[in-house]
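Okay, so here's the structure we're looking at.
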Amino acid sequence: MRKINPGSVSSYIRYGNLKIPKSIKSECPQCRNITEFMINANFQSSKNGLLTESSCPTCKKSTVFIIMTKDEENEHADTYIYDIQASKHLINHLESLPNIPKDLIRAYRSSINVFESRENSATAVMSKRVIESILKHFLKEKSKGQPLSQQLEILPNQVDLAKPIQSLSHLLTTDGSLHRMLELETEMDYETTALLMDLLESLIEYLFVLPGKIEVTHNKIAKKFH
């Protein structure tokens, strides 16, 4: 489930004393494109809310929306989109990761909020603050007075980017428990297999997905401004 920010609602209709969304601009859970959903007025109602669907204009696939009508204190009903990938979004995992600066989490969360509210200037300001917070965390005093371009240039000299991969070598030594499980010499329980799947996902993200996403975004930005 992913909550719809009020700034993403393009228009409303009346439902009793509440205003409920008529059209919503949001990321499609299926094709991941930002699109305009026209909410189907054929609601399935319950004592707590409404259930309805809308088709994505891009991929034509149907998406479920839940509109909460129980809270009569608010003029606008809280609305959620059913997105199975929502729990995997970065912001939902930041606080559980080690060594994440609190000011970085706050700045990143604020940048998401202002972006979803379509506040372009505020998004620019908060995005710059996120980049500055990341660089300050790793470069410390070396970040002072330096332009962002120069800070990014020296960042690889201050961060051991190979460390996360090299640390895995200790887990996979030939006489280690995990190695024996992978070779089917000993039995692997379900908890270990779940951890192994997390490791595979992280490896693919670290080595393929993240570098690829940065390259694609870089090319898009470069194309836009040249």
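The values are calculated or read from the model by the stated rules, or taken from the named source; none is laboratory data. Quantities reported herein were computed from a predicted structural model and do not represent experimental measurements. Backbone-built Cβ (ideal geometry, glycine too); neighbour counts: all protein chains shown.
Sort through Arg109, Arg129, Arg118 and tell me the only one that's at pLDDT below 85, of a type outside the set (A, V, I, L, M, F, W, C) and touching a helix residue (DSSP H, G or I) at 6+ places or on another chain (Cβ under 8 Å).
Numbers: Arg109 fails: at pLDDT below 85; Arg129 fails: at pLDDT below 85.
None of the other options fit; the residue is Arg118.
Out of Ser121, Ser133, I need the residue that is in contact with an Asp or Glu (Cβ under 6 Å, 6 or more places away or on another chain) and either surrounded by 14 or more Cβ atoms within 10 Å (Cβ to Cβ) or of a type in the set (S, T, N, Q) (or both). Which one?
Working: Ser121 fails: in contact with an Asp or Glu (Cβ under 6 Å, 6 or more places away or on another chain).
Within the list Ser121, Ser133, the selection yields Ser133.
Taking the stated definitions as given, is Thr186 more than 23 Å from the chain's Cα centre (by Cα) and modelled with pLDDT under 85?
Numbers: more than 23 Å from the chain's Cα centre (by Cα): yes; modelled with pLDDT under 85: no.
Spelling it out, it is not the case that Thr186 is more than 23 Å from the chain's Cα centre (by Cα) and modelled with pLDDT under 85.
Being under 16 Å from Ile204 (Cα atoms) and of a type in the set (Gly, Ala, Ser) is the filter here; which residues of region 168-182 pass it?
From region 168-182, those under 16 Å from Ile204 (Cα atoms) are 168; that's our starting set.
Within region 168-182, none qualify.
What number of residues in region 6-45 are without any contact (Cβ under 8 Å) to a residue 60 or more places away in the chain and in contact with a Lys or Arg (Cβ under 9 Å, 6 or more places away or on another chain)?
So the first thing to find is which residues in region 6-45 are without any contact (Cβ under 8 Å) to a residue 60 or more places away in the chain, and the list is 10-11, 13-14, 16-45.
Filter again for in contact with a Lys or Arg (Cβ under 9 Å, 6 or more places away or on another chain), leaving 10-11, 13, 20, 25-31, 34-39, 41.
Of the residues in region 6-45, 18 are without any contact (Cβ under 8 Å) to a residue 60 or more places away in the chain and in contact with a Lys or Arg (Cβ under 9 Å, 6 or more places away or on another chain).
Which of the residues that make up region 30-59 are outside any strand (DSSP E or B) and in contact with a strand residue (DSSP E or B) (Cβ under 6 Å, 6 or more places away or on another chain)?
Answer for region 30-59, where residues must be outside any strand (DSSP E or B) and in contact with a strand residue (DSSP E or B) (Cβ under 6 Å, 6 or more places away or on another chain): Ile39, Asn40, Phe43, Cys56, Pro57, Thr58.
Among the residues that make up region 192-210, is at least one of them of a type in the set (A, V, I, L, M, F, W, C), surrounded by 11 or more Cβ atoms within 10 Å (Cβ to Cβ) and more than 24 Å from the chain's Cα centre (by Cα)?
Within region 192-210, the first condition is being of a type in the set (A, V, I, L, M, F, W, C), and the residues that meet it are 194-197, 199-200, 203-204, 207-210.
From the residues that got through so far, the ones that are surrounded by 11 or more Cβ atoms within 10 Å (Cβ to Cβ) too are 195-196, 199, 203-204, 207, 209-210.
From what's left, more than 24 Å from the chain's Cα centre (by Cα): none.
Taking every residue of region 192-210 in turn, none turns out to be of a type in the set (A, V, I, L, M, F, W, C), surrounded by 11 or more Cβ atoms within 10 Å (Cβ to Cβ) and more than 24 Å from the chain's Cα centre (by Cα).
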